[in-house]
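Each remark here refers to the structure printed beneath this line.
The values are calculated or read from the model by the stated rules, or taken from the named source; none is laboratory data. Since the structure is predicted, the reported quantities are computational estimates derived from the model, not experimental observations. When the accessible area is computed, the model is the full protein with side chains, heavy atoms only, and any ligands, DNA or RNA have been set aside. Shrake-Rupley method; radii C 1.70, N 1.55, O 1.52, S 1.80 Å.
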Amino acid sequence: TTSKRLADRKIARFEKNISKKSSENSKKGYAYPVGPIVLGFFVFVVVGSCVFFSLFQIIRTATSRGMA
């Protein structure tokens, strides 16, 4: 019975810890792993490079065929 009381005490302490941690996490909210400036720069680079290479390909195709 001593071990039963000890086990119950440990379980109660564990559950108290878990409920405390879950309430701390809900206060923080959702944190982005990447900042908005870095994300915007990444989108700018990816979209910008796609647009640049598309225009480059159109110009190359138009100049090699003689605008037919």
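Determine if segment 2-19 includes at least one residue that is modelled with pLDDT under 85, open to solvent by less than 90 Å² (accessible area, probe 1.4 Å) and polar (S, T, N, Q). Scanning segment 2-19, I find at least one residue that is modelled with pLDDT under 85, open to solvent by less than 90 Å² (accessible area, probe 1.4 Å) and polar (S, T, N, Q), so the answer is yes. Only residues that are open to solvent by 100 Å² or more (accessible area, probe 1.4 Å) and at pLDDT 75 or above were counted in segment 20-34, giving 1.
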